[in-house]
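Structure, as C-alpha cells:
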Amino acid sequence: MKKSLIFVFSVLILFSCERVLCPFGNRKIEVVINDIPFKTEVYHRIPYTLKTWEWEKEGLKLQQIQIFDHKTNRMLQTIEKEDLPHVHKNPIPFIPVFTSDEISHYYLSIQLPIELSNNIPARISHRFILKDTVLNRDVTVEGGIFTPLTGKSPLSISSPVKGDNWIFINQSTNAYHFYTIFFVDGNLWRGERFAFDNLQLNDQMTDYYEGDPKVNESYFNYRDTLYAIADGTVLKVVDGRPENRGDAQDLVFATMDEYGGNYVVLDIGNDRYALYAHCVPNEFLVSQGDVLKEGDPIGLLGNSGNSTAPHLHFQITDSPNLLFSIGHPFVIKSYTKVGNFETGPITPATYTNAMMEELSIICF
C-alpha cells in the first residue's frame, strides 16, 4: 500500500511541474567545486562543478541549462542541448591504470562567461529544463545557488614558452581538460582542470605542421625551449621515456605516471606546483633540487606520453601528482593577441594578467 501511495504522489507532482520549480525527493542541484574566477581578453570566467541527482533513472533527458543572476533573475547564459557540458555518471569509463569509485550522482562542470563590461553577480543560480520521456512534458528543476569567489585572484605567471603565433587549447572552455575528474578513494581529483596544451602556427596562421604528420620535426613547436613560469625549485624530473611519432599515438602505458611522458615539476611555493609534460627525452636543462629564477630554461617541448602531436601540457596543482591533485586557475602576466584561428590576423592587442580564449593566437 505504501509503495502505491508513493507512486501516486510522485505522479501528481510530475503533472504539476511543467516549467515550474520541482524540488521533491532527490532532485537537487548543488555546487560542490567553486574555483577562483579568472579573466580572459573577452570574459570573466567563473569555473565550478555541479552535483545533481541521476535524472536518467526517472526517464528524464536534459534539454537545457539556464544560468541566471539569483538576485535580479537576469539570464546570464543558456546552454542548449547540443552544447551541454560533459556529465560524469556511473559506470565510470574503465581506465586500466587505476580503479574508479562508483558514484551515485551526476557531475558536470561549467565555466560561466561574463563579458568584461559586466560585473560578476553576487549570487548565481541554475534552472534545468528536462524532458519527461514517460509523460511527454517538460520538467523544470532549480538550484545550484552559489557565491563566486570574487575576493580571490588567480596566480599570475610568466609564459612557459616564448615566440610568435602560439595557440593554447583545451582551456577557457567547458570541454577537456576542464571537465576531467577522477573519482578515486572518495576524492574528486582534477589535476588537469585548468591545464592547457599548445601548438605553434605558421606565419599565415593556418597550419601547425608542414610535411609528414608522423614526423615530429614537421611540427613548428617541436623542440622549442620551455621556461620557468616563476621562481621555484625543481622538485622532480622524469626522463628517458620514448616519444610518439608525430600524430601516431603509438605508445602504450603501463602506469598512470607514464601518461605524462618526460616531465618536470617545479615547486613555486604556497603549495603550488607547475608541471611541464610530454618533453623531449634526455634534453632537460635542469636537475632535481635546482633553484630557478623566472624565465630560466628548463627543457624542450616534445611528444612523449599521452600526446596526440608535439605540444606542451602545462598545469598548476596543489601537489606534484599528475592527475590525483587539484588544478588551480592561473593567468599570464602579459601576452599579445595577434589573431584568431577561425578568422585570421587582427590588429595586435596586449593583455595583462589574463588567460587567452581557446582560439586566440598569441605572441610573447
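The values are calculated or read from the model by the stated rules, or taken from the named source; none is laboratory data. All of these numbers come straight from a predicted model, not from anything done at the bench. Cβ sites come from the backbone with ideal geometry, for glycine too, and all protein chains shown count toward neighbours.
Selection over the stretch 12-46 of residues that are among the aliphatic types (A, V, I, L, M), modelled with pLDDT of 50 or more and touching a strand residue (DSSP E or B) at 6+ places or on another chain (Cβ under 6 Å) gives a count of 5. When 298, 332, 346, 326 are screened for being under 18 Å from residue 43 (Cβ atoms) and in contact (Cβ under 8 Å) with a residue 40 or more places away in the chain, only 332 passes.
As a summary of the residue check, residue 343 satisfies the conditions (1) more than 21 Å from the chain's Cα centre (by Cα); (2) among the polar types (S, T, N, Q); (3) closer than 19 Å to residue 222 by Cα except for the one numbered (3). Restricted to the stretch 128-148, and to residues there that are surrounded by fewer than 17 Cβ atoms within 10 Å (Cβ to Cβ) and not in a strand (DSSP E or B), the residue that is nearest to the chain's Cα centre (by Cα) is 147.
Each row is one residue, and each column tells you yes or no for (1) under 25 Å from the mean Cα position of the chain (by Cα); (2) free of Cβ contacts under 8 Å to residues at least 40 places away in the same chain; (3) more than 22 Å from residue 258 (Cα to Cα).
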residue: 204; (1), (2), (3): no, yes, yes
residue: 208; (1), (2), (3): yes, no, yes
residue: 228; (1), (2), (3): yes, no, yes
residue: 236; (1), (2), (3): yes, no, no
residue: 240; (1), (2), (3): no, no, no
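When restricted to residues that are out of contact with any Leu (no Cβ under 8 Å at 6 or more places or on another chain), outside any loop (DSSP other than H, G, I, E, B) and surrounded by 12 or more Cβ atoms within 10 Å (Cβ to Cβ), the stretch 66-82 contains 3. Among the residues of the stretch 247-277, those that are under 10 Å from residue 307 (Cβ atoms) and in contact with a Phe, Trp or Tyr (Cβ under 7 Å, 6 or more places away or on another chain) comprise 259, 277.
Residues in the stretch 287-302 that are closer than 14 Å to residue 161 by Cβ and part of a strand (DSSP E or B): 297, 298, 299, 300, 301. Of all residues in the stretch 334-355, those being of a type in the set (A, V, I, L, M, F, W, C) and in contact with a Ser or Thr (Cβ under 6 Å, 6 or more places away or on another chain) number 2.
The sole residue among 160, 113 that is in contact (Cβ under 8 Å) with a residue 60 or more places away in the chain, over 24 Å from residue 26 (Cβ atoms) and assigned by TED's automatic domain parsing to the domain that holds residue 298 is 160.
Residues that are over 19 Å from residue 268 (Cβ atoms), modelled with pLDDT under 95 and in the same structural domain as residue 163 (by TED's automatic domain parsing): does the stretch 309-321 have at least one?
Checking the stretch 309-321: not a single residue is over 19 Å from residue 268 (Cβ atoms), modelled with pLDDT under 95 and in the same structural domain as residue 163 (by TED's automatic domain parsing).
Within the stretch 39-64, residues that are at positive phi and surrounded by fewer than 17 Cβ atoms within 10 Å (Cβ to Cβ) have Cβ atoms under 8 Å from residues that are charged (D, E, K, R) and assigned to a strand (DSSP E or B) in these pairs: 59/132, counting only partners at least 6 apart in sequence or on another chain.
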